[in-house]
Amino acid sequence: MVSIQDKVAMMDLQKKIANRILIARKSEECEIVGFPIKTLPLELWTLHGLTLLWVNNCQLETLDPGIGNLERLQVIKLNNNNIRRIPEEIGHCRALLRLWCHNNKLDMLPRTIGRLEKLEHFSLEKNNLKMFPWEFGRLTSLTALSYDDNKVPTHQPSRRGQIDDF
């Protein structure tokens, strides 16, 4: 049974998140940081003008395929969550310059990650990755890649924008 206090707390949380989405409609930036949520509200995927999505320090377990609707996104921060998979639809976010996903539970990356040709910074530290998809080699704008504390064999950038053995 859910207590009245828990119901009030949940309503307060929903109100705070709705307020963040309302602000994002005007500012094109959405920051949902430190909220104990496992999924993001569906309304978020209708913010087609969004350029920054910051969802750190939540308990996020999944990233909805609706992320692909946000084609103007330039920065995504998903640090310190419990995300296991990034959906294939991330490949539609072709304006993406920076993607931070460290300290999650990612065990693989979608093949569509290779479509993010403008991606410059990619942080994947502290996940469960064992390998990168071969499409990863298409990230020719990549200048910063961090993937410490994974199970991926060590590969060093050979020159700017190219990774050996991918």
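Residues in the stretch 31-46 include at least one that is under 18 Å from residue 69 (Cα atoms), touching a strand residue (DSSP E or B) at 6+ places or on another chain (Cβ under 6 Å) and modelled with pLDDT of 95 or more. For the stretch 68-96, residues that are under 17 Å from residue 45 (Cα atoms) and either modelled with pLDDT under 95 or surrounded by fewer than 21 Cβ atoms within 10 Å (Cβ to Cβ) (or both) total 14. Of the residues making up the stretch 1-33, those that are surrounded by 12 or more Cβ atoms within 10 Å (Cβ to Cβ) and part of a loop (DSSP other than H, G, I, E, B) are 28, 32, 33.
Exactly one residue out of 71, 120 is touching a residue at least 24 places away in the same chain (Cβ under 8 Å) and farther than 23 Å from residue 153 by Cα: that is 71. Taking the stretch 38-90 as the region of interest, how many residues are of a type outside the set (S, T, N, Q) and in a loop (DSSP other than H, G, I, E, B)? Of the residues in that region, 23 qualify. Residue count for the stretch 1-59 satisfying the condition of being in contact with a helix residue (DSSP H, G or I) (Cβ under 8 Å, 6 or more places away or on another chain) and of a type in the set (Ser, Thr, Tyr): 1.
The residues on offer are 65, 110, 157, and the sole one that is modelled with pLDDT under 95 and not β-branched (Val, Ile, Thr) is 157.
The values are calculated or read from the model by the stated rules, or taken from the named source; none is laboratory data. Note that this is a predicted model, so its numbers are computed, not measured. All Cβ positions, even for glycine, are placed from backbone atoms using ideal geometry, and neighbour counts span all protein chains on display.
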